[in-house]
Every structure is written in C-alpha cells, then in structure tokens.
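First comes the structure, then the notes that go with it.
The values are calculated or read from the model by the stated rules, or taken from the named source; none is laboratory data. Here the structure is a predicted model, which is why all the values come from computation and not from measurement. Here Cβ is always computed from backbone atoms with ideal geometry, including for glycine, and neighbour counts include all displayed protein chains. For accessibility, only protein heavy atoms count, side chains too; no ligands or nucleic acids. Shrake-Rupley method; radii C 1.70, N 1.55, O 1.52, S 1.80 Å.
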Amino acid sequence: MKKVVLAFSGGLDTSYCAIYLAQELGLEVYSAIVDTGGFSEEELQEIERRAYAMGVKQHTHLNETQNFYNSCIKYLVFGNILKNNVYPLSVSAERVTQAIAIAQHAKSIDADFVAHGSTGAGNDQVRFDMVFQALIPEVEIITPIRDKCLLREEEIEYLKQHGVEMDFSKAQYSINKGVWGTSVGGKETLTSNLPLPEEAYPTQLSKHDPERVTLHFEKGELVGINEEKYETPVQAIQQLQAIAAPFAIGRDIHVGDTIIGIKGRVGFEAAAPMVIIKAHHTLEKHVLTKWQLYWKDQLSAWYGNWLHEGQLLDPTMRDIEAFLESTQHNVTGKVYVLLAPYRFQVEGIESTHDLMSDKFGSYGEMNRAWTSDDVKGFAKIFGNQTKLYHSVNNTEEAWVTK
C-alpha cells in the first residue's frame, strides 16, 4: 500500500483529508502535526487522539520551535521586520517552517504522496506547494479540499456519513498561535472598516499597573530578562510573552497583499515580538552606523516580503541572512522598556558599543573632536556640487518666486 504524509491540524479540513485519502484513494495515511510553539501538551494529545480516530496508520508530533527560531525568527529580529510596518510575520514565516518539516518527514518514511488541507483561496497553498516541489519533487502533492472545491457543509456531511463525531460548529474567530505571535480572523477582518472587538483576542487585559523590564541582547539575540539569563532565545521570548501579553499590547490589524494578488486583513496579538523588535531596533540605532542602518532597512524589507511569500528556500535569502548576521556583531547591551495597558515604551539603552559616547561631544552641545573652522570647511565642500549646479543654471530667481 502506498504512503501519504498528511499535514494534520485536527480541524475540519484535515480531518476530511485523513478519511478521504484512506478510504477513497486507498492510501496508508501518516499524519503529522508541526509544532512551532503554539500547542499545549493537552492540545497535542487531543490532536493525536483525533488522528487515530480518523484511521491514520501513524501520527507524529514534529517539534520545530527551535528550528523556526534558527531559520526565521532570528532574522526577523535582526532585520526589525514588520510587514507594511505593522505585522511581525507571525503565521507566514511559520507556514514555511511547517512545510519544510512535513517534506523532511515524507522523505524520512519514503512516502509516495504528501497532502495538505489548503483551499484554493489563500497563501498557504502556494507556500506548501513551493516547498514540496523544491525539496521532494518526486513526491506527488494531493490537495482534496482545493481540487474538489469543497464547501464547508459538504465536508461536514462527508464526515458525518463516516461516523465522525466532533464539534462542527464554526468558531466565531479563527485563531492560529505560535511562538512568534497569534493571528485572529473573523467577520470583521473580512471588511475594510470594522475593528476586532476586545473579546476576539485570546489574551485579555489582566495587568493594570505599569511595569519596567530590562531586556539583554547579545549579538542581536534576546538572551535575558531583568536579572535572569536563558539557555535559548526561544525561552526568553516565551517568558517575555508571559510578562507582556497580560497588558494586551502588540495588538493590531494588518492589511496586505496576498501571494495570489488580492488584498487581505488579519488581526494579531504579538506582545513579545513587538517589544523585542522595537527594543532591538532602538539598540541598533545607538550602536550601528548610518549606512549600516540604511542598507539593513532596504534588504530587510525585501527579505520580509520574500519570506511572507514562501520563498525561504531562495538562495538569495542566505545571502541577506549573512549580511544581517554581520551587522549584529556589536548589537549587545541592555534595553529598558516600560509596559502598560495597551502600550509599551522603549525608554533607553546601555551598551559598551554606544556611539553616543561623550568622548566626542554631545548632540546640540559642546564638541571635543573638531574645531569651528573644521565645520566651516566641511560645510563648504559637502555642499559644493549643489552650489555649482544652482550657479550654472541660474536657479536663484526661480526659488525666490516660488
């Protein structure tokens, strides 16, 4: 009997796929859940129970949280990446990591097919397909929901006919949780004008008194909070999330372009990612030069867009990662952050690499590294070409009459 690896979440679509692949196509189904930091132990056990109830041959839990950090999150922090200056790429980066893990699992068991439950309407179908085509080109991709253009009601009826008992009521809000943030979709995000209500967000406001935290960065990575250092940055991220999320910070709605060309809205809450990115960026502004910061902005925006569109395997991404890694050599120090209900503020930094060193003077105050004649000469030379342009082209009158 031929094998198929099914990317399995335990929801309606993948439950349909599990039964369809086994009973309609006669395949041996190997389901796999890819964990990127968004599941509790109880949830993982329930998903495993449901997989076997659907008749799968074997179910596997693939814990990819650390790999997700190493291959994606680290560079999202190094690049201070917020898509459209808003969204920390919580889900889109996660999906590529999940697709890679499924592809590797399919290869490890010598599967003949790989399947996912994507519809034909969103980004995930492209992300999964591209990764599978690149890493396991000899393995055929099966997408029952997309190929059969199934309606939700048709899936429910099919499962009922096969004796499946599960809660078929559609949740009012679609929640996708991972270590780098939680997406929230609902009827409001299908409009262009409605905000998500307070109750739509999984984490509710429970802290009301402002709180200060000190974040410790080493070469661009978060390694400690207050007086505690952590074995891995993932643990530091998770701890900061536990501290910051009850303030209900890091909420927003992202509006962007999907891979297939339509506009979309999605809500999210990402307390730790937003605090980390803003704190890291502030530290960088103190320790990096003007042109380091400039080129980081250009390359990081491109990197974030290409990652969002599922192109992590493009070799250009390795080139940009090497550049980003190089820029982090001096991004070491403390960042002081104030947390409060619905907001946070980066208050300042301390670093031995701080370029605001008073050895050379203070901005707007006295300098110690040059004379007034040095500045006069510099200003004359620095503006020389512009002066020549206006002199040759006699533009003075035009500016006066504007």
Run the 1.4 Å probe and let me know the accessible area of residue 162, rounded to the nearest 10 Å².
60
Would you mind telling me the antiparallel percentage of the DSSP bridges in the chain, rounded to 5?
70
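Ignoring ligands, DNA and RNA, what accessible area per residue does region 278-366 give at 1.4 Å, in Å²? Mind showing how you got there, number by number?
On the way: 5160 Å² over 89 residues.
On a per-residue basis, 58 Å².
Counting only helical runs of four or more DSSP H residues, what would the 222 nm mean residue ellipticity of the chain come to if each run contributes -39,500 (n - 2.57) and the total is spread over all its residues? Write out the running numbers ahead of the final one.
Working: 15 runs with 162 residues, N = 402.
Taking each H run of at least 4 residues, the total per residue is -12000 deg cm²/dmol.
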In vacuo Debye scattering of region 104-255, one point per C-alpha: log10 I(q)/I(0) at q = 0.13, 0.15, 0.17 Å⁻¹?
-0.96, -1.10, -1.16
Say we join alpha carbon atoms closer than 10 Å with springs in a Gaussian network model of the chain; which of 37, 122, 333 then has the biggest fluctuation?
122
Which one of 206, 256, 179 is farthest out on the positive end of the charge dipole of region 170-272, using unit charges on Cβ (Lys, Arg +1; Asp, Glu -1) and the Cα centre as origin?
256
So how much accessible area does residue 174 have, in Å² to the nearest 10, using a 1.4 Å probe?
80
Would you kindly derive the ³J(HN,Hα) couplings of region 224-232 from the backbone phi angles with the Karplus curve 6.51 cos²θ - 1.76 cosθ + 1.60 (θ = phi - 60°), listing them in order in whole Hz, with x for Gly and Pro?
x, 9, 6, 9, 10, 9, 10, 5, 9
Positive end of the dipole of the chain, charges at C-beta (+1 Lys, Arg; -1 Asp, Glu), about the Cα centre: which of 237, 76, 34 has its Cα farthest in that direction?
76
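Within 10 Å, Cβ to Cβ, of residue 310, how many net charges do the neighbouring residues add up to if Lys/Arg are +1 and Asp/Glu are -1?
Details: positive: 95, 127; negative: 124, 129, 309, 314.
Net of charged neighbours comes to -2.
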For the chain, modelled as a GNM with alpha-carbon contacts under 10 angstrom, which of 103, 340, 134 fluctuates the most?
134
Residues meeting the amide H criterion for residue 6 (H placed from the backbone, H to H distance under 5 Å, 5 or more places apart or on another chain) are 30, 31, 32, 115
Evaluate Rg over Rh across region 43-154, taking Cα atoms for both radii and Kirkwood's formula for Rh.
0.99
Environment charge of residue 197, counting only residues whose C-beta is closer than 12 Å and scoring Lys/Arg +1, Asp/Glu -1:
-1
For the chain, fraction of C-alpha pairs farther apart than 35 Å, in %:
39
Order of 221-228, 342-349 by packing, highest average Cβ count within 10 Å first?
221-228, 342-349
Area of residue 17 that stays accessible when all protein chains are in place (1.4 Å probe, Å², to 10)
0
Please give the helix 233-244 orientation as an angle from the longest Cα principal axis of the chain, in degrees from 0 to 90, rounded to the nearest 10.
90
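Give me the percent of accessible area attributable to carbon and sulfur for the chain, probe 1.4 angstrom. Write out the running numbers ahead of the final one.
Working: 10810 of 21130 Å².
Carbon and sulfur atoms account for 51 percent of the accessible area of the chain.
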With Cβ to Cβ distances under 13 Å as the rule, what net charge do the other residues near residue 116 carry (K, R +1; D, E -1)?
-2
In debye, nearest 20: dipole of the chain around its Cα centre with unit charges on the Cβ of K, R (+) and D, E (-)?
1020
Measuring with a 1.4 Å probe in the full set of protein chains, what accessible area per residue, in whole Å², belongs to region 36-175?
47
